Amino acid sequence: LRLQVMRNHSLYYNGTRVKLLFHTGFGQLFKDGNNYNKQPTIRFTQVVEHVFRLADKPIAFSVLVHTIKERYPQADTDTITQFIK
């Protein structure tokens, strides 16, 4: 059994940022001081765009990490794993 992941389709683009329409409270905690952000955002970089394209449909997590590592060989595997999480 392999863990399959895919891009969250409830996100939207706002300039150079990608935002989630809502925060479920699961997964990574997006904390700002003592308050949890209601609408987490990330910068829309080339790496983010590449991950989103690959994960538009379900993909094995290990395959996604391996594919990103092939494209960005200078990146540490642990860094890629944390980035995707």
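Here are the numbers for this structure:
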{"read-out": "Alpha-carbon centroids, region 3-22 and region 39-85: separation in whole Å", "value": "13"}
{"read-out": "Ranking of Ile68, Ile84, Ile59 by count of other Cβ atoms within 10 Å, fewest first", "value": "Ile84, Ile59, Ile68"}
{"read-out": "Aspartates and glutamates with Cα under 20 Å of Lys19, excluding same-chain neighbours fewer than 8 positions away", "value": "Asp32, Glu49, Asp56"}
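Coordinate-derived values only; no laboratory data. For clarity, every value in this text was computed on a predicted model and none was experimentally measured. Neighbour counts are summed over all protein chains in view; Cβ atoms, including those assigned to glycine, are modelled from backbone coordinates with ideal geometry.
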